[in-house]
Amino acid sequence: MKTLLLHLGQYFIMIRKVFSFPEKKNVFFKQLNQELKKIGLDSLGIVTIISFFIGAVVSIQTAFNFESPLYPKYLIGYATRESLILEFCPTMLSLILAGKVGSNIASEIGSMRVTEQIDALEIMGVNSASFLILPKIIAAVLFFPALIILSISIGIIGGWIGCQTVSITTASYLYGIKYEFSSFYVSYCLIKTVVFAFIIASVSSYFGYYTKGGALEVGSSSTRAVVYSSIVILIFNFILTDLLLG
Amino acid sequence: MIEIKNINKSFGDNNVLRNISFKFEKGKTNLIIGESGSGKTTLLRILIGLNKANSGEVLYDGRDFINLNTKEKRKLRQEIGVLFQRGALYDYMNVEENIMFPLTMFTNQSHEEKLHRVNDCLEKVNLENSNKLSINELSGGMIKRVSIARAIVMKPRYLLCDEPNSGLDPKTAIIIDNLIQKITIEGNITTIVNTHDMNSVMEIGEVIAYINNGEICWSGSKEELINNNNPELNNFVFASKLFKRLKKI
């Protein structure tokens with residue numbers, strides 16, 4: 001309990017340091033640009049592949065469970081859409097991104113810590129937390145919603161391909177996709193994504209920023225960043241779902 | 001001049017520094033020597049504000065560094081150049097960007113002005129035309145020289161070096177030592193070098209302070225060091241057979 005409180009205190013102290021006004025706007029935007037590429041664009045490949053196959057598998061599994069003639073076929077498209085928007089894309093992909101992006105952030109900042117690069121920044125008079133972490137948080141918060149929207153779109157295409165293998169017509173799949181569509185679900189999905197993006201970037205940065213030791217500790221910081229980001233994501237998934245849909 | 005007064009530092013029950021006072025002179029290469037674990041790195045970290053002393057004062061030309069407010073401390077830090085043991089260069093930047101970084105962060109100079117200053121510093125450390133090299137292309141000696149160039153780019157009044165020769169061959173180490181001394185004299189800088197390399201001591205030691213068990217046990221010039229009668233210091237300085245033989249001569 002004491003350790004948890006210590007970590008929480010340190011985390012909020014770091015966050016306070018992070019959210020100070022950038023010292024040089026042009027340097028900040030250059031950093032932000034690099035982070036958008038590293039955190040966002042470099043994740044496009046994995047997001048595309050995972051979303052496509054999960055969409056296909058979800059539609060096939062739904063079709064398998066709705067074999068009864070009492071169920072209309074369009075329910076397959078409907079169920080695929082709902083599961084992609086409500087849970088798979090915002091939560092499962094965020095967990096996957098916590099692994100990919102989170103470990104990258106923690107190991108990058110951790111390496112800078114153990115090689116005294118962060119000390120060098122502090123000695124020059126640079127706010128190292130703001131300089132290193134703020135662009136990462138903003139890049140994640142800006143880009144992850146776009147990634148999730150892309151993921152939903154590709155998942156729906158994957159679902160359609162899946163339907164072709166179980167003889168569901170394109171017309172009934174598309175009817176199901178459009179059936180009783182609530183735009184609030186997309187808002188709910190994006191709210192969750194923004195919160196998860198903040199969690200991934202900030203929690204991973206925290207574990208990297210407070211790394212002590214050498215290469216081994218950088219590795220363990222990276223692992224802890226993924227584990228704790230995932231746990232916090234799951235907790236906030238429950239809280240946000242209860243608040244927004246409960 | 002940098003003056004420290006009654007510095008005490010402990011980590012838990014371990015008293016690392018005990019009541020340390022010393023004056024580091026301007027325009028001279030001041031050396032802190034001592035065995036590994038004697039507290040010299042902790043002292044250097046206190047001097048640059050990376051560790052907090054339990055008590056005592058650190059005065060940069062009369063300015064009490066520990067009690068300055070954040071803004072004043074930040075301004076003072078821009079007058080301090082630091083050379084880290086492993087260089088601490090930013091590996092995602094090339095040589096030019098590394099050296100230019102403090103100028104970008106703290107001045108409003110044009111790119112041409114900054115580039116001129118960077119080239120000037122690279123010339124001082126004998127690394128002309130290395131601007132576009134990436135950090136992983138540099139040898140150990142080159143990393144130290146680029147770090148020195150970055151440390152002096154803001155024309156500091158104080159230069160603090162943590163074991164500048166660690167991991168270097170004796171010939172390169174002497175090049176680095178001489179470079180530090182040349183910069184100190186040219187810029188009339190207060191330089192503090194943290195080292196346990198006896199070659200460095202003999203090459204550039206003008207003012208030497210010996211730390212043992214968290215206390216300054218001896219101080220003087222390199223000539224006084226050779227002729228000293230302090231048994232602990234002699235055990236440290238003349239530890240190798242070669243130096244023992246030289247001491248006898």
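Here, each number is a calculation from the coordinates, and none is a lab measurement. Model, not experiment: these values are computed from the prediction. Note: ideal-geometry Cβ built from the backbone for every residue, glycine included; neighbour counts use all protein chains shown.
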Rounded to the nearest 20 debye, dipole of region A:1-157 from Cβ charges on Lys, Arg, Asp, Glu | 280 debye
Within a 10 angstrom radius of each residue's Cβ in B:86-92, how many Cβ atoms of other chains show up on average? Whole number is fine.
-> 5
Ranked list, fewest to most other Cβ atoms within 10 Å of each Cβ, for A:188, A:209 = A:188, A:209
Listed by chain and number, the lysines with an alpha carbon less than 21 angstrom from that of residue A:178, same-chain partners under 8 positions apart left out, are A:73
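Would you mind calculating the gained length between residue A:166 and residue A:142 on full extension (0.36 nm times residue separation, minus the Cα-Cα distance), in nm to one decimal?
4.9 nm
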Per-pair calculated FRET efficiency, R0 = 45 Å: residue B:91 and residue A:66 via Cβ, rounded to 0.05 | 0.25
Most mobile of B:137, B:112, B:163 per a Gaussian network model of chain B (Cα springs, under 10 Å)?
-> B:112
Charge tally in the Cβ shell below 13 Å around residue B:190, where Lys, Arg are +1 and Asp, Glu are -1, residue B:190 excluded = 0
Counted neighbours (other Cβ, 10 Å), sorted fewest up, put A:147, A:86, A:244 in the order A:244, A:86, A:147
Residue A:204 neighbourhood, Cβ < 11 Å, K/R = +1, D/E = -1, net charge +2
Starting from the Cα of residue A:87, move 7 Å in the Cα-to-Cβ direction to define the label point; list residues of region A:162-193 whose amide nitrogen is under 16 Å from there.
-> A:189
What is the diffusion coefficient of region B:92-155 in µm²/s, taking the Kirkwood radius over Cα pairs and the Stokes-Einstein relation at 37 °C with a viscosity of 0.692 mPa s?
-> 287 µm²/s
Could you sort out which of B:71/B:155; B:5/B:222; A:24/B:182; A:100/A:192; A:212/B:155 sit more than 29 Å apart by Cα distance in this structure?
-> A:24/B:182; A:212/B:155
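Shape verdict for chain B, please, from the Cα gyration tensor: rounded (a/c under 1.5), prolate (a/b greater than b/c) or oblate. The partial results should precede the final answer.
Working: a/c = 2.03, a/b = 1.32, b/c = 1.54.
Oblate, because a/c is 1.5 or more while a/b does not exceed b/c.
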Using a simple spin-label model with points 7 Å from Cα along the Cα→Cβ vector, what separation in nm is obtained for residue A:5 and residue A:30?
-> 4.4 nm
Percent antiparallel among DSSP beta bridges (both partners in region B:91-249, rounded to 5) = 55 percent
Quick one: among A:213, A:110, A:40, which has the greatest mean-square fluctuation in a GNM of chain A with alpha-carbon springs under 10 angstrom?
-> A:213
Bin all alpha-carbon pair distances of region B:1-149 at 10 Å intervals from 0 and give each bin's fraction as a whole percent.
-> 10, 32, 31, 22, 5, 0
Which shape class applies to region A:25-245: rounded if a/c is under 1.5, otherwise prolate when a/b exceeds b/c and oblate if not, where a ≥ b ≥ c are the square roots of the Cα gyration tensor eigenvalues?
-> prolate
Cβ-based net charge around residue A:93, under 14 Å, with every Lys or Arg adding one and every Asp or Glu removing one = +1
Global geometry of region B:118-205, whether rounded, prolate or oblate, following the gyration tensor of its Cα atoms and the 1.5 cut on a/c | oblate
Please work out the Cα convex hull volume for the protein assembly as shown and give it in Å³ per residue.
-> 184 Å³
